[in-house]
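What follows is a set of notes on a single structure, which appears directly below.
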Amino acid sequence: MDVKERLPVEELIRKAKEGREHAYAPYSHFKVGAALLTKSGRIFTGCNVENAAYSPGNCAERTAVFKAVSEGEREFAALCIIGGAEAGCLELCPPCGVCRQVLMEFCDPARFPIILATEEGKWEIHTLEELLPLGFGPGNLKK
């Protein structure tokens, strides 16, 4: 069975869109939403939250991961991201390097699917390994 058939892609896209509605992006006007599916079947949403000082802001993907972890979830099945300019069309929006690194902490990079979606119903699935080749994770610290 194809990974696309096993994942609730359309539900994750809807949830990511809902997360995006809460984005706080007064500086970049680039709003991002994320929906993180846990292996237990729960979905955690996230949005980007900007700050006037820039670095204290947080991405939608990390918001979703941190919400899940704060509620005891540590095993993730998939992530969906949707984003784009506030007044423009949505575009395929891959996670930033910091978000990729955070995902590396919890996910098997070869098996963790990341869905990049647009409002038009177009979507792509990539593995974390494709987006973060030669990533540094917990396995690198074990003797």
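The values are calculated or read from the model by the stated rules, or taken from the named source; none is laboratory data. None of the values given here were measured: they were computed from a predicted structure. Ideal geometry is used to build each Cβ from the backbone, glycine not excepted, and the neighbour counts take in all protein chains shown. These accessible areas exclude ligands, DNA and RNA; they are computed on the full protein's heavy atoms, side chains included. Shrake-Rupley method; radii C 1.70, N 1.55, O 1.52, S 1.80 Å.
Counting only residues that are open to solvent by less than 50 Å² (accessible area, probe 1.4 Å), of a type in the set (A, V, I, L, M, F, W, C) and either free of Cβ contacts under 8 Å to residues at least 12 places away in the same chain or closer than 16 Å to Cys107 by Cα (or both), how many does the stretch 44-61 have?
Going through the stretch 44-61 one residue at a time, the tally reaches 1.
State whether the residues of the stretch 101-123 include one that is within 13 Å of the chain's Cα centre (by Cα), at negative phi and surrounded by fewer than 17 Cβ atoms within 10 Å (Cβ to Cβ).
Yes: one or more hits.
What number of residues in the stretch 16-43 are surrounded by 14 or more Cβ atoms within 10 Å (Cβ to Cβ) and either in a strand (DSSP E or B) or in contact with a Cys (Cβ under 7 Å, 6 or more places away or on another chain) (or both)?
Residues in the stretch 16-43 being surrounded by 14 or more Cβ atoms within 10 Å (Cβ to Cβ) and either in a strand (DSSP E or B) or in contact with a Cys (Cβ under 7 Å, 6 or more places away or on another chain) (or both): 15 in total.
So which residues in the stretch 63-74 are buried (at least 22 other Cβ atoms within 10 Å of the Cβ) and of a type outside the set (A, V, I, L, M), if there are any at all?
Thr63
Hey, Lys142 hits all of (1) open to solvent by 30 Å² or more (accessible area, probe 1.4 Å); (2) modelled with pLDDT of 95 or more but one; which does it fall short on?
Failing condition for Lys142: (2).
Six or more apart or on different chains, Cβ atoms under 6 Å: show the pairs whose first residue is in the stretch 63-84 and over 11 Å from Lys39 (Cα atoms) and whose second is in a loop (DSSP other than H, G, I, E, B).
As it stands, the answer is Ile81/Cys93; Gly83/Cys93, since those pairs meet every condition given.
Looking at this structure, is Gly97 open to solvent by less than 10 Å² (accessible area, probe 1.4 Å) and modelled with pLDDT of 95 or more?
The answer is no for Gly97.
Going through the stretch 124-139 one residue at a time, which ones are touching a residue at least 24 places away in the same chain (Cβ under 8 Å) and open to solvent by less than 70 Å² (accessible area, probe 1.4 Å)?
Step one: filter the stretch 124-139 for residues touching a residue at least 24 places away in the same chain (Cβ under 8 Å), giving 124-126, 128, 131-132, 135-138.
Ile125, His126, Leu128, Leu131, Leu132, Gly135, Gly137, Pro138, listed by residue number.
Tell me yes or no: at least one residue of the stretch 76-91 is open to solvent by less than 50 Å² (accessible area, probe 1.4 Å), modelled with pLDDT under 95, in contact with a helix residue (DSSP H, G or I) (Cβ under 9 Å, 6 or more places away or on another chain) and not acidic (Asp, Glu).
Yes, the conditions are met somewhere in the stretch 76-91.
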